[in-house]
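What follows is a set of notes on a single structure, which appears directly below.
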Amino acid sequence: MLDYFDASLIGLTATPDNRTFGFFNQNVVSEYTHEQAVIDGVNVGSDVYLIETKISKKGDKIWKGQYVDRREKLTRKKRWEQLDEDVVYSNKQLDDEVVNPSQIRTVIRTFKEHLPEMFPDRKNDKGEFEAPKTLIFAKTDSHADDIIQIVREEFGEGNRFCKKVTYSAEDPKGTLALFRNDYYPRIAVTVDMIATGTDVRPLECLLFMRDVKSRNYFEQMKGRGTRTITLDDLKKVTPSAGHTKDHYVIVDAVGVTKSLKTDSCPLERKPGVPLKDLLAAITVGARDEDLFTSLANRLIRLERQLTDKEKEAFAKKAQGKTISQVAKELLNAYNPDILENLRLRVEQENPDAAPDVKTEKLNTLTSALQDHAASTFNGELNTYIENVRKIHEQIIDTVNLDQVISTGWEKDNKDKARELVKSFADWIASHKDEITALQIFYDQPYRRRDLTFKMIRELADAIVADKPTLAPLGVWRAYGLLEKVNGQPKNELMALVSLIRKVAGIDAVLTSYDKTVDRNFQNWVFKKQAGTLKFTEPQMQWLRMIKDHVAASVSVAVEDLDYTPFAENGGRGKMWQLFGNESESIISELNEALAA
């Protein structure tokens, strides 16, 4: 159709593949990469956390004579049976022919245990960890049901905590709206429904429990996590969030980030339409491309599940054709190469015919091709296809227990972290003589008392304006991947103070500034009270307020005593009442001592 018109063609796509480039003769007019979008603040980047278990990697073996459950995939009815032969299954057969609940539980339990490592600042008002909004990608609806049950058990939560968002779920659109806008559910499990084309901006974690072979599809799935969101909107659904969403985490439990990807597109074009309806549509005369490709895809999947005897029964009802032959005929009906050959044939056989005549003859040939592919289907075959897939069962392996082989951040993350830490240190070194705040850090220790909140704010703005990727909280996380850090910064500016102290050699270990202030405060009080001076409890309460203010704002000035929290406790007058003429010298001493 695109070739028929002589107008200029302009293509816009988020996930181009080789066919896209080929169609437009590699004429790329403009390109806006994900990396550039992250730099511009349009998208956020990702970190990859790996979970590797024994059975996820290699599968296992159930010995002859063991008693196992067999479960129908669709009805989930179970029966108990003793195996009359050994069953060896690979990791690729997991959750299809064999379900190992221990493997699912091990992944989910490990995921839960390491969430605080991935999101270390997520504590609610009660000091309890708050799980970020998480999307789990499952292989099938049945697999999704198994995951949901185990997630609820491992997290010790009810039904509202974890929900399924698939085409077969009850009210999937309503559940998706809750996942996007409300506190619950915290975790959603999907197969294909929200893998592409759906925005859930508060989403901060993607857990892959299925592999993906299509590069484009994988990029689209990752795209669910790249959406930006303001801090106020994020806190509406995740109250413990201390800063705006600046990255998301991919948790890879199946090796999806390492597996070989192709540029192929999924054949499934109608994921929400039951197989029964596809069969009925083609039987009554529907001939659209999405119907043909989706039906071919379902038949290809079905072939892998059927026994030889069931395949023979299929052929008898399908005019002697195998399942693969029927699927091939469906795909050939819209194969561009075959359609092009038909067009050339019409041109060669009718060189002098009018364009309308040629078009009519081509339409006749393509319709015949489609009708031939559809002629295989009839009431008897349709009924057989619909019923035969229902009887297939999964073996439930409760014999073999899974175990974690390794967990941790992907190696590439550490390489990126080293590069980010070096870039930050280089930036600080190259600007230390021209920015006042940096000059103070690199000067004599007593000068650090002159540092102000405004100076740190201006320094942070200068860094982000020049190099957006060097945002302080991102650099802090990079350090956390490479070495032990002490505490977590309360905000971006305090993270920046701690980072500069580390780069300038003031602190050997990267330490959150509030912990540094606490330590220095204890030392200052101890020295002051080493002689005859002893602070009263009202004085100590006031000193602690000053200490907390410095931990959040770098320094304290006399003017600050007119504002919260000092004003509610008597302001300047109260301090002068408690400390008399020593008030200003104490403020000066604390500014110097706490910044040491």
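The values are calculated or read from the model by the stated rules, or taken from the named source; none is laboratory data. Remember, predicted model here, so these are calculated numbers, not experimental data. Here the Cβ is made from the backbone with ideal geometry for all residues, glycine too, and neighbour counts use every protein chain on show. These area figures cover heavy atoms from the full protein model, side chains too; ligands, DNA and RNA do not enter into them. Shrake-Rupley method; radii C 1.70, N 1.55, O 1.52, S 1.80 Å.
Filter K133/K173; K527/K547; K112/K164; K123/K245; K54/K164 down to the pairs with a C-alpha to C-alpha distance above 20 Å, please.
As for pairs spanning more than 20 Å Cα to Cα, those are K54/K164.
In this model, which of K422/K484; K454/K574; K57/K92; K77/K316 are farther than 20 Å apart at the alpha-carbon?
Violating the 20 Å limit, Cα to Cα: K454/K574; K77/K316.
What's the extension gain from T20 to A530 if we count 0.36 nm per residue and subtract their Cα-Cα distance? Write out the running numbers ahead of the final one.
Numbers: separation 510, 0.36 × 510 = 183.60 nm, distance 7.67 nm.
Length gained between T20 and A530: 175.9 nm.
Does a label point 7 Å from the Cα of D443, set along Cα-to-beta-carbon, have any residues of the stretch 568-591 with amide nitrogen under 17 Å, and which are they?
588-589, 591, by backbone N distance to the label point.
Which whole-number percent gives the relative contact order of the stretch 500-596, counting Cα pairs below 8 Å spaced six or more residues apart? Numbers along the way, then the final one.
On the way: 61 pairs, mean separation 33.2, N = 97.
Averaging sequence separation for qualifying contacts and normalising by length gives 34 percent for the stretch 500-596.
Residues with amide H under 5 Å of N486's amide H, sequence separation 5 or more or different chain, H placed in the peptide plane at 1.01 Å from N; which?
Amide H neighbours of N486: L510, T511, S512.
Not counting ligands, DNA or RNA, and with a 1.4 Å probe, what is M494's accessible surface area in Å² rounded to the nearest 10?
About 10 Å², ignoring ligands and nucleic acids.
Based on DSSP H assignment, which helices of the chain show an axial Cα extent of at least 18 Å together with a mean Kyte-Doolittle hydropathy greater than or equal to -1.0?
101-118, 141-155, 289-303, 336-349, 355-374, 453-466, 537-553
Would you mind telling me the antiparallel percentage of the DSSP bridges in the chain, rounded to 5?
Of the beta bridges lying entirely in the chain, close to 40 percent run antiparallel.
Aspartates and glutamates within cross-link reach of K411: Cα-Cα under 15 Å, excluding same-chain residues under 8 positions apart?
Cross-link targets: D47, E52, D252, E419, E483.
Which shape class applies to the chain: rounded if a/c is under 1.5, otherwise prolate when a/b exceeds b/c and oblate if not, where a ≥ b ≥ c are the square roots of the Cα gyration tensor eigenvalues?
prolate
Would you mind getting me the FRET efficiency between A353 and K311? Use the beta-carbon distance for r and R0 = 30 Å, nearest 0.05. The partial results should precede the final answer.
Numbers: r = 45 Å, r/R0 = 1.50.
The calculated FRET efficiency here is 0.10.
Modelling each spin label as a point 7 Å along the Cα-to-Cβ direction, I'd like the T322/K411 distance in nm, to one decimal.
4.1
Probe 1.4 Å, all protein chains in place: accessible area of D461 in Å², nearest 10?
Near enough 80 Å² of accessible area.
Taking R0 as 35 Å, what's the FRET efficiency between V88 and Y183 from their Cβ-Cβ distance, rounded to 0.05?
Taking R0 as 35 Å, the efficiency between V88 and Y183 is 0.20.
Heavy-atom accessible area of D562 with all protein chains present, probe 1.4 Å, nearest 10 Å²?
Here the accessible area works out near 70 Å².
Grab the DSSP H runs of the chain that are 4 residues or longer, score each as -39,500 (n - 2.57), total them, divide by all residues and round the 222 nm result to the nearest 500 deg cm²/dmol.
That comes out to -14500 deg cm²/dmol.
How far is it, in nm, from the label point at V404 to the one at A508 when both lie 7 Å from their Cα along the line to the Cβ?
Between V404 and A508, the label points sit 3.0 nm apart.
Given a Förster distance of 30 Å, report the FRET efficiency between E419 and T230 from their Cβ-Cβ distance, rounded to the nearest 0.05. Could you put the intermediate results ahead of the total?
Details: r = 28 Å, r/R0 = 0.95.
It comes to 0.60.
Answer rounded, prolate or oblate for the stretch 139-232, using the Cα gyration tensor with square roots of eigenvalues a ≥ b ≥ c: rounded when a/c is under 1.5, else prolate when a/b is larger than b/c, else oblate. Before the final figure, lay out each step's value.
On the way: a/c = 1.58, a/b = 1.09, b/c = 1.45.
Since a/c reaches 1.5 but b/c is at least a/b, the shape of the stretch 139-232 is classed as oblate.
Quick check: from the Cα gyration tensor, does the stretch 351-442 come out rounded (a/c under 1.5), prolate or oblate?
On the way: a/c = 6.94, a/b = 1.77, b/c = 3.92.
Because a/c hits 1.5 or more and a/b fails to exceed b/c, the stretch 351-442 counts as oblate.
If you average the C-alpha positions of the stretch 364-429 and of the stretch 467-532 separately, how far apart do those two centres end up, in angstrom?
43
Taking amide H positions as placed 1.01 Å from N in the peptide plane, with prolines and chain starts having none, which residues 5 or more places from L207, or on another chain, fall under 5 Å of its amide H?
Hits under the 5 Å cutoff: L135, I136, F137, V251.
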